[in-house]
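Read the structure below first, then the notes.
Throughout, read-outs are computed from the coordinates displayed, never taken from laboratory work. All values reported here derive from a predicted model rather than from experimental measurement.
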Amino acid sequence: MKLTALEQPHHPDVEVGELLVVVVVYAANIVRDVRENIRNLVGGRMSHYESLIEKAIEQGLSDLEEKAAARGYDGVVGIKFSHPVVVDGGVELIIYGNGYRSSAEASQS
């Protein structure tokens, strides 16, 4: 399965399908969340939230791939990520793109 951020496939025998959307919300560990809130007061990298965002991206791409496969697509084009939002106690991310199918001729070239 191919996942790509290209807007349009570069082959005439590729059929672009429906929009696929995945929403991922990861909860933060409450102890680490308190630590990050304190860090927010004094400044510095919020590594726990960075880690949560990375996990949300990985999970979202995996979910998008599964959704595309379940609908019979060969991959997803035009993948976009919403700006990850750190919500109270977690991270929210939306990933979307269009499923596509390649014809037999496109697969052979």
Q. For the stretch 27-96, what mean projected area does the convex hull of the alpha carbons give, in nm²?
A. 5.2 nm²
Q: Would you grab the residues whose amide H sits under 5 Å from the one on residue 74? Only those 5+ places off in sequence or on another chain, please, with H modelled 1.01 Å from N.
A: 100, 101, 102
